[in-house]
1. For region 82-100, what are the residues that are in contact with a helix residue (DSSP H, G or I) (Cβ under 8 Å, 6 or more places away or on another chain) and either assigned to a loop (DSSP other than H, G, I, E, B) or of a type in the set (D, E, K, R) (or both)?
2. Identify, by number, the condition in (1) in contact with an Asp or Glu (Cβ under 9 Å, 6 or more places away or on another chain); (2) touching a residue at least 24 places away in the same chain (Cβ under 8 Å) that residue 68 doesn't meet.
3. Identify the residue in region 114-145 that is hydroxyl-bearing (Ser, Thr, Tyr) and more than 30 Å from residue 76 (Cα to Cα) and, among all such residues, is modelled with the highest pLDDT.
4. Only one of (1) closer than 30 Å to residue 203 by Cβ; (2) surrounded by 14 or more Cβ atoms within 10 Å (Cβ to Cβ) fails for residue 113. Which number is that?
5. Can you confirm whether residue 43 is of a type in the set (A, V, I, L, M, F, W, C), free of Cβ contacts under 8 Å to residues at least 24 places away in the same chain and closer than 17 Å to residue 110 by Cα?
6. Considering only residues that are more than 24 Å from the chain's Cα centre (by Cα), at pLDDT below 85 and of a type outside the set (Ser, Thr, Tyr), which ones fall in region 1-21?
7. Give region 14-60 a look and list any residue that's among the β-branched types (Val, Ile, Thr), crowded, with 16+ Cβ neighbours inside 10 Å and closer than 25 Å to residue 174 by Cβ, or say none.
Amino acid sequence: MNKIFSYFKKNEIINLTPVLNEYVCRKKVVTFVPLKYVDKLTFDMASVGAGKIGNYSVCSFRMKGVGTFLPGKSAKPFTGKKGKLAFEEEVRLEMECGNESLESVIDALLKSHPYEEPAYEIYDFSKRTNKHLAVRCDLKNKMTLEELIYRLNNKVVIADGFMGFKFSRILFLDNISMEDVLKSVTSIKAEIAVTIGKKQNNINII
């Protein structure tokens, strides 16, 4: 947050600490495929967005097991016989993807999987990114709300607190509300929070 230096000089700040990592929602696609077909299915799913983790592609987890199925009268089983319980050595294949590529990944799975009725599961999960949503600013000297408002030089909404309050540790928020901060963390080592906006800056006493 370089904008902090438009409010404070460098010699007024003891330390700037990035805090509150961003978390993103991802999808985990799990399916069960015969051993001979797992490589083809993996690459077909990867070609449309599955298995991408940072600078790595075709990322997957595999675990061998035995699947069972009993083909019905109208079934067209890839292996086994109608009316007879079949046992097939399979691989549990797991690959992650973003929400934007989920449909394409499932299309690729259904197209490339050898079974008439592929079994698959989709899970939601979150993972932490390297992006920080806030920066904690430690000041050398305490200041009041009046002084902070003067520094911001913008329309300010005081959501909580009182004007005589003095502080030396500020949390600058980037694209995240104070309500979301309080939901995600139980303890914030700061005394006051400032959300920088295009039209106004909001101040909250923590």
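The values are calculated or read from the model by the stated rules, or taken from the named source; none is laboratory data. Keep in mind it's a predicted model, so treat the numbers as computed, not measured. Please note: Cβ atoms are built from the backbone with ideal geometry, for glycine as well, and neighbour counts cover all protein chains shown.
1. Quick first cut of region 82-100, residues in contact with a helix residue (DSSP H, G or I) (Cβ under 8 Å, 6 or more places away or on another chain) only: 89-91, 93, 95, 97.
Passing the criteria: 89, 90.
2. Of (1) in contact with an Asp or Glu (Cβ under 9 Å, 6 or more places away or on another chain); (2) touching a residue at least 24 places away in the same chain (Cβ under 8 Å), only one is false for residue 68: (2).
3. Taking region 114-145 and keeping what is hydroxyl-bearing (Ser, Thr, Tyr), we get 115, 120, 123, 126, 129, 144.
Then drop every residue that is not more than 30 Å from residue 76 (Cα to Cα), which leaves 126, 129, 144.
Working: 126: 95, 129: 90, 144: 85.
Among those that are hydroxyl-bearing (Ser, Thr, Tyr) and more than 30 Å from residue 76 (Cα to Cα), it is 126.
4. For residue 113, the failing item is (1).
5. Values: of a type in the set (A, V, I, L, M, F, W, C): yes; free of Cβ contacts under 8 Å to residues at least 24 places away in the same chain: yes; closer than 17 Å to residue 110 by Cα: yes.
Here the answer is yes, as residue 43 does meet what is asked.
6. Correct list: 2, 3, 4, 5.
7. 19
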